[in-house]
1. Which condition does Thr178 not pass, out of (1) crowded, with 18+ Cβ neighbours inside 10 Å; (2) without any contact (Cβ under 8 Å) to a residue 12 or more places away in the chain, if it passes all the others?
2. Go through segment 86-100 residue by residue and tally those that are in contact with a helix residue (DSSP H, G or I) (Cβ under 7 Å, 6 or more places away or on another chain) and either open to solvent by 10 Å² or more (accessible area, probe 1.4 Å) or more than 22 Å from Leu165 (Cα to Cα) (or both).
3. Please go through segment 272-287 and give me each residue that is open to solvent by less than 10 Å² (accessible area, probe 1.4 Å), within 20 Å of Arg198 (Cα to Cα) and in a helix (DSSP H, G or I), ordered by number.
4. How many residues does segment 230-261 contain that are among the polar types (S, T, N, Q) and open to solvent by 10 Å² or more (accessible area, probe 1.4 Å)?
5. Hey, could you check segment 145-158 for residues that are closer than 13 Å to Leu253 by Cα and either modelled with pLDDT of 85 or more or in contact with a Gly (Cβ under 8 Å, 6 or more places away or on another chain) (or both) and say which is least open to solvent (accessible area, probe 1.4 Å)?
6. Evaluate segment 111-126: report whether one residue or more is within 23 Å of Glu168 (Cβ to Cβ) and buried (at least 16 other Cβ atoms within 10 Å of the Cβ).
7. Pull out all pairs, ordered by first then second residue, where Cβ-Cβ is under 6 Å, the residues are six or more apart or on different chains, the first lies in segment 127-154 and is assigned to a helix (DSSP H, G or I), and the second is open to solvent by less than 50 Å² (accessible area, probe 1.4 Å) and among the polar types (S, T, N, Q).
8. Return yes or no: is Leu72 open to solvent by less than 10 Å² (accessible area, probe 1.4 Å), touching a helix residue (DSSP H, G or I) at 6+ places or on another chain (Cβ under 9 Å), more than 13 Å from Ala248 (Cα to Cα) and among the hydrophobic types (A, V, I, L, M, F, W, C)?
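The values are calculated or read from the model by the stated rules, or taken from the named source; none is laboratory data. Predicted model, so just to flag it, every value in this text is computed and none were measured. Note that each Cβ is placed from the backbone with ideal geometry, even for glycine, and that neighbours are counted across all protein chains shown. Accessible surface areas use protein heavy atoms only, side chains included; no ligands, DNA or RNA. Shrake-Rupley method; radii C 1.70, N 1.55, O 1.52, S 1.80 Å.
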Amino acid sequence: MSNHSIDIASRAPVRRMAPRVNGLVVLLVLIAVMALMPLIASPYALLLMLPFIGYSIALLGFNLLFGSTGLLSFGHALFLGIGAYTAAVLTSKWGILSFEIMLIVAALVSGLVSLVIGALCVRYTKIFFGMLTLAFGMLFHSFLFKFYSITGGDQGMRVLRPLLLGMEWRGGKTAFLTGPFYYYALILFALLGLAMWRITQSPFGLHLRAIRENAGKAAYVGVQIFRMRLAAFAISAVYGGIGGTILAVTTGLADPELAYWTHSGNLVFMAVLGGSGTFAGPAIGALVFVLLQDFVMSVTQYWRFVMGGVLVLLVVFLPQGLSGAIDLLFSRRKGGQ
């Protein structure tokens, strides 16, 4: 090779692939913005953010099962229902108002139930896993709906205002929800987000991704497929129970519709909307879903039709979700520089 050609090669622009946006950074930035919202936002906007926090926590677990392990559950709202009714039973029937106890009991009950259900469900994959989880979700919804003397039936069960850190907060319900409870839930969201990031980046998370890509090869190199899937299912259930508790305290009611299959569909919608292939994607999907649903419901009574149309357009034009599309755009811009 001549010196002239070497000189030309050395002067040629070197294009480097841009790194992917760190999902944990995106999540923490989102949480930081939400922490500043009470300074500028109306109480109504803050009340909208509480369901977002509850769904986001549940979706952190759901994405571990779906995005990392490759198991799509159509009955995951079951665990939101367990968390909500745990809060209702503790406050309305047993007089236990400590929110910390509510969270711990909801997590334990959700985890125990998931071990029983998961022991059967995780033996299967693809549509078989999805249909089994849907069946268990519908069984639980039927129990909540039919056993009126225990669960309140279609009327649901009241969830009384909890104590935060053992303290009773004065003021009306709105002041409580948009003040101390808002920040409490936000801090809980941040802590659970950090914990989930650690899980996904650990050898356990690597095993889950290996199972998702090729379960046969993962088993060949010694990965315990059944145990790993069951563990992921249990962790996702714990996150779902905690998210359901936050939703129940926000509305003051544990409703059977929380466990209905359409609610499980909403979780799938949020994950796909934000991008299940990224860490912070489902949380972004939850935010967009809550805001979009509130706007569409204020405009038309056929909001489900509109949301269905959005899902169709999303799958066709943005199969990677919103965060995936943004990440791809960011990479292209950096790569072109």
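1. That leaves (2) as the condition not met.
2. Step one: of segment 86-100, the residues in contact with a helix residue (DSSP H, G or I) (Cβ under 7 Å, 6 or more places away or on another chain) are 86-88, 90, 96-97.
With either open to solvent by 10 Å² or more (accessible area, probe 1.4 Å) or more than 22 Å from Leu165 (Cα to Cα) (or both) added as a condition, the list becomes 86, 96-97.
Final tally of qualifying residues: 3.
3. Gly281, Pro282, Ala283
4. Our first condition is that a residue be among the polar types (S, T, N, Q); within segment 230-261, this holds for 236, 245, 250-251.
Filter once more, keeping what is open to solvent by 10 Å² or more (accessible area, probe 1.4 Å): 250-251.
So the count comes out to 2.
5. Start the filter on segment 145-158 by keeping residues that are closer than 13 Å to Leu253 by Cα, which leaves 151-158.
Subsequent filtering for residues that are either modelled with pLDDT of 85 or more or in contact with a Gly (Cβ under 8 Å, 6 or more places away or on another chain) (or both) retains 157-158.
Values: Met157: 17, Arg158: 159 Å².
Step by step, filter segment 145-158, then rank; the result is Met157.
6. Step one: of segment 111-126, the residues within 23 Å of Glu168 (Cβ to Cβ) are none.
Looking through segment 111-126, none of the residues is within 23 Å of Glu168 (Cβ to Cβ) and buried (at least 16 other Cβ atoms within 10 Å of the Cβ).
7. Taking only residues 6 or more apart or on different chains, the pairs are Thr133/Ser73; Gly137/Ser264; Leu144/Thr151.
8. Numbers: open to solvent by less than 10 Å² (accessible area, probe 1.4 Å): no; touching a helix residue (DSSP H, G or I) at 6+ places or on another chain (Cβ under 9 Å): yes; more than 13 Å from Ala248 (Cα to Cα): yes; among the hydrophobic types (A, V, I, L, M, F, W, C): yes.
No, not satisfied.
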